[in-house]
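Enquirer: Once you've had a glance at the structure underneath, I'll fire off some questions.
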Amino acid sequence: MRVLSGIQPTGRFHWGNYFGAIKQYIELQHDHEGYYFIADLHALTTVRDAEVLRGYVRDAALDLLALGLDPAKATLFVQSDIPEVSELCWLLMTGTPLGLLERCHAYKDKKEKGIKADAGLFTYPVLMAADILAYDANWVPVGEDQVQHIEVCRDLARSFNAHYGEVFTMPEARIVADAAKVPGTDGEKMSKSYNNTLGLFEPAKDLRKKIMRISTDSRPMEDPKDPETDHLFQLYRLFATPEQTEEVREIYLRGGFGYGDIKKRLADAADAYLDPARARRAELEGNPDRVDQILREGAERARARARAVLDRAQRACGLSR
Ligand code: TYM
């Protein structure tokens, strides 16, 4: 299968990004052809400072490589290095009903919060559709919040194909049930915009402090509790081994424990899990040329594929003579 996904460089990655998406990229790269990119064009809808954006893109590349994305197995690149995607976006845009975009949560939510929307934010899902269709992707590993956008992509591909003939490959979202919506420190979906994130590469001490502040309920310690509805347990389970998870599940069901103890277990498990990536990141930071080279080579490979798909689409709709 050809697997593709993108991630926005809008700040440092958090646990939701990792367990919802990045972990899948890394697992799938072994047996599938993977294309993974840093979505800097999408980030422009929120980051409007050139130096800051450049820094975020660099951090994103370092983070992905440190977490285990292997450039010998998968293609890692920066979205804006492939201009064909923006051209394809326009072709798709000419067949996109406004109503389809008006129904998209990301846009609706921002509008409801009174954030002034621009055309970039409104047409964001069309660019995302171009990202996916430009590489003939079959699978798109993402968290739950992106599923609607992939439905939009499928709608656009279906109607383009119906009108012009079979041009695009139909993609499918790939979700991991236990990590489709990783909760943040307040129990809501972990998201930069909710200010409830736990960072993948935050200094261990800061991370521990944040973990100790994860919200919990105020029921008496001796009461048995349902682990399945508790966000602290949901987070612990992501890092723990199956045996550790079972042990803590039983502690919840039995009652008579303090949340502080579970938080300490979570901080220990997260440290053990993240330490190797922290070390790899420190090593990569000392080798910026290598990172640039990986992104350059990735862009070359990705671009060749996107060019072929754009040619196909242009021929189909009468743009090439
Ligand atoms: P972005 O940058 O917001 O998020 C990157 C990935 O992380 C997932 N994610 C989560 N998963 C589980 N729980 C959470 N709390 C959580 N928070 C974030 C997201 O679902 C996503 O998979 N529009 C995309 C970027 C993009 C893209 C694409 C993705 C651009 N083009 C083409 C796939 C295909 C975005 O903003 O993701």
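The values are calculated or read from the model by the stated rules, or taken from the named source; none is laboratory data. Everything numeric here is computed off the predicted structure, so don't read it as measured data. Cβ placement follows ideal geometry from the backbone for every residue including glycine, while neighbour counts extend to all protein chains displayed. Just the protein is used for accessible areas: all its heavy atoms, side chains included, with ligands, DNA and RNA removed. Shrake-Rupley method; radii C 1.70, N 1.55, O 1.52, S 1.80 Å.
Enquirer: Just for the range 131-145: of the residues that are surrounded by fewer than 24 Cβ atoms within 10 Å (Cβ to Cβ) and assigned to a helix (DSSP H, G or I), which one is nearest to the ligand (Cβ to nearest atom)?
Expert: Residue satisfying both the conditions and the ranking: 145.
Enquirer: Within the range 1-23, take every residue that is polar (S, T, N, Q) and part of a loop (DSSP other than H, G, I, E, B) and give me the one that is nearest to the ligand (Cβ to nearest atom).
Expert: 8
Enquirer: Which number in (1) part of a loop (DSSP other than H, G, I, E, B); (2) more than 9 Å from the ligand (Cβ to nearest atom) marks the one condition that residue 26 misses?
Expert: Just one mismatch for residue 26, condition (1).
Enquirer: Right, something else. Can you run down the residue pairs with Cβ atoms below 7 Å, 6 or more apart or on separate chains, where the first is in the range 190-204 and within 18 Å of residue 21 (Cβ to Cβ) and part of a helix (DSSP H, G or I) and the partner is within 10 Å of the ligand (Cβ to nearest atom) and charged (D, E, K, R)?
Expert: 194/188
Enquirer: Let me ask another. With respect to residue 120, is the statement that it is in a loop (DSSP other than H, G, I, E, B) and surrounded by fewer than 19 Cβ atoms within 10 Å (Cβ to Cβ) true?
Expert: Against the criterion (in a loop (DSSP other than H, G, I, E, B) and surrounded by fewer than 19 Cβ atoms within 10 Å (Cβ to Cβ)), residue 120 does not qualify.
Enquirer: Look at the range 94-110 and say how many of its residues are within 15 Å of the ligand (Cβ to nearest atom) and of a type outside the set (Lys, Arg).
Expert: Going through the range 94-110 one residue at a time, the tally reaches 6.
Enquirer: Would you say residue 291 is assigned by TED's automatic domain parsing to the domain that holds residue 68, part of a helix (DSSP H, G or I) and closer than 25 Å to residue 207 by Cβ?
Expert: In short, yes.
Enquirer: Only one of (1) assigned to a helix (DSSP H, G or I); (2) open to solvent by 30 Å² or more (accessible area, probe 1.4 Å) fails for residue 89. Which number is that?
Expert: With respect to (1) assigned to a helix (DSSP H, G or I); (2) open to solvent by 30 Å² or more (accessible area, probe 1.4 Å), residue 89 is out only on (2).
Enquirer: Only one of 313, 308, 240, 279 is under 30 Å from residue 33 (Cα atoms) and touching a residue at least 60 places away in the same chain (Cβ under 8 Å). Can you tell me which?
Expert: Checking each option against the conditions leaves just 313.
Enquirer: Still on this structure, please answer the following. Got a sec? Which of 109, 31 is surrounded by fewer than 23 Cβ atoms within 10 Å (Cβ to Cβ), free of Cβ contacts under 8 Å to residues at least 12 places away in the same chain and part of a loop (DSSP other than H, G, I, E, B)?
Expert: Being surrounded by fewer than 23 Cβ atoms within 10 Å (Cβ to Cβ), free of Cβ contacts under 8 Å to residues at least 12 places away in the same chain and part of a loop (DSSP other than H, G, I, E, B) holds for just one of 109, 31, which is 31.
Enquirer: Just checking, how many residues over the range 147-180 are part of a helix (DSSP H, G or I), surrounded by fewer than 14 Cβ atoms within 10 Å (Cβ to Cβ) and away from the ligand (no atom under 13 Å from the Cβ)?
Expert: Residues meeting the conditions: 3.
Enquirer: While we're here: Quick one: residue 63 ticks every box in (1) outside any loop (DSSP other than H, G, I, E, B); (2) more than 11 Å from the ligand (Cβ to nearest atom); (3) in contact (Cβ under 8 Å) with a residue 60 or more places away in the chain; (4) over 13 Å from the mean Cα position of the chain (by Cα) except a single one, so which number is it?
Expert: (4)
Enquirer: Going through 244, 234 one at a time, which residue ends up being of a type in the set (S, T, N, Q), buried (at least 17 other Cβ atoms within 10 Å of the Cβ) and in contact with a helix residue (DSSP H, G or I) (Cβ under 9 Å, 6 or more places away or on another chain)?
Expert: Sole residue among the options that is of a type in the set (S, T, N, Q), buried (at least 17 other Cβ atoms within 10 Å of the Cβ) and in contact with a helix residue (DSSP H, G or I) (Cβ under 9 Å, 6 or more places away or on another chain): 234.
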